[in-house]
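The values are calculated or read from the model by the stated rules, or taken from the named source; none is laboratory data. For clarity, every value in this text was computed on a predicted model and none was experimentally measured. Note that each Cβ is placed from the backbone with ideal geometry, even for glycine, and that neighbours are counted across all protein chains shown. With ligands, DNA and RNA removed, areas are computed over all heavy atoms of the protein, side chains included. Shrake-Rupley method; radii C 1.70, N 1.55, O 1.52, S 1.80 Å.
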Amino acid sequence: MSMTQHAEPAVTTPPASGPKPTDGRTAERPLAIRLLARPEIGVFLGAAAVFVFFLITAPPVRDGASMANILYQSSTIGIMALPVALLMIGGEFDLSAGVAVITSALSASMLSYQLTMNVWVGVFVALAVSLGIGFLNGWLLVKTGLPSFLVTLGTFLILQGVNLAVTKLITGNVATDDISTMDGFSQAKKVFASSFRIGDVEVKITVVWWLVFAAIATWVLLRTKYGNWIFAVGGNKESARAVGVPVNFTKISLFMLVGFGAWFIGMHQLFSFNTVQSGEGVGQELIYIAAAVIGGCLLTGGAGSAIGPVFGAFMFGMVQQGIVYAGWNPDWFKAFLGVMLLGATLINLWVSRAATRR
């Protein structure tokens, strides 16, 4: 008798319909929470609120010329706030940035005038001086291991004294001489301090430079190896060094970027007013740092963006000019800035916790 085997048909269970079960580690966060995790979202909302507030309380703000003036004030802060923000993302900050602007302007003005040279010679010498100051700050930082607070505080005091003493020694005054009649002045003014018209509104060239620099900084942070280095050294420099990031080069170059920003704003001030007051610039470094902090950059480093400080600088310009257009006492300006800084810091803290809450 033959034996035959019959294979039983395989029985498969159809997959259950409905969403797949997920745990807290794999669940996708809602879009709103993911947007809040972006460091620039909080300051964007804050800037929009400040803008709407002054549109309502200060009717002159609605005029095109007034808005152009607000953008101009914002750009003079924002151009410097960008490299300061990159430096803060890299875990450091620079207290000498404000007086370094004046050092650059004084160098270009006095060299050109005293030696009767084309002003472009002074401009490029001033660039070398500014980059040198940035290099010195970074080199002292990496060689001594001192906190950037102490290194740049020392540089701040040195530059403040040198600005005043050297200007008095050379010119016999606290201000430089007028260079508006010197060779090359008109060409340099077109680059650093000109304006153009959009309809009936006159717009300063610094607004364009501000947006161009912001676009470049954003591309560098998000699309280049150097941008990865900045975040890495700001997050944990020892871990960054262990994976091959050139920590010393990155930090020194970031300080030199601040020097470049100081040079550009120094040239703008020189060719806008034809002369420079040697005692100016003190306190501006806090404005630049505050604009970066309001823009979402952490003092501890490793987090931030280039777009956030753009909105932070706009908030400063909006408040500074909005108070005037509203007819309020301008003495309240610094109080408003303090409130903005504390408020932005608290909002950034809340946003960070909300975005990481499971």
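Annotations for the structure displayed:
- T116 falls short on exactly one of the conditions (1) modelled with pLDDT under 95; (2) out of contact with any Leu (no Cβ under 7 Å at 6 or more places or on another chain); (3) more than 29 Å from V220 (Cβ to Cβ); (4) outside any loop (DSSP other than H, G, I, E, B), and that condition is (4).
- Filter pass, S272 being open to solvent by 30 Å² or more (accessible area, probe 1.4 Å) and small (G, A, S): yes
- The single residue among A188, A193 that is in contact with a Ser or Thr (Cβ under 8 Å, 6 or more places away or on another chain), small (G, A, S) and farther than 22 Å from A85 by Cβ turns out to be A193.
- Yes/no for T171 being surrounded by 15 or more Cβ atoms within 10 Å (Cβ to Cβ), at pLDDT below 90 and farther than 13 Å from S272 by Cβ: yes
- Only listed residue being surrounded by fewer than 21 Cβ atoms within 10 Å (Cβ to Cβ) and under 18 Å from the mean Cα position of the chain (by Cα), chosen from F249, F260, F255: F260
- With respect to being assigned to a helix (DSSP H, G or I) and either within 28 Å of S109 (Cβ to Cβ) or in contact with an Asp or Glu (Cβ under 8 Å, 6 or more places away or on another chain) (or both), G227 falls outside the description.
- Just one residue in the set E202, E285 is of a type outside the set (G, A, S), in contact with a helix residue (DSSP H, G or I) (Cβ under 7 Å, 6 or more places away or on another chain) and part of a helix (DSSP H, G or I); that residue is E285.
- Counted residues, the range 275-293 - those being in contact with a Phe, Trp or Tyr (Cβ under 9 Å, 6 or more places away or on another chain) and open to solvent by 30 Å² or more (accessible area, probe 1.4 Å): 1
- Test for I179: is it within 24 Å of the chain's Cα centre (by Cα) and either part of a helix (DSSP H, G or I) or touching a residue at least 40 places away in the same chain (Cβ under 8 Å) (or both): no
- The one condition in (1) surrounded by fewer than 22 Cβ atoms within 10 Å (Cβ to Cβ); (2) within 25 Å of I252 (Cα to Cα) that L45 fails to fulfil: (2)
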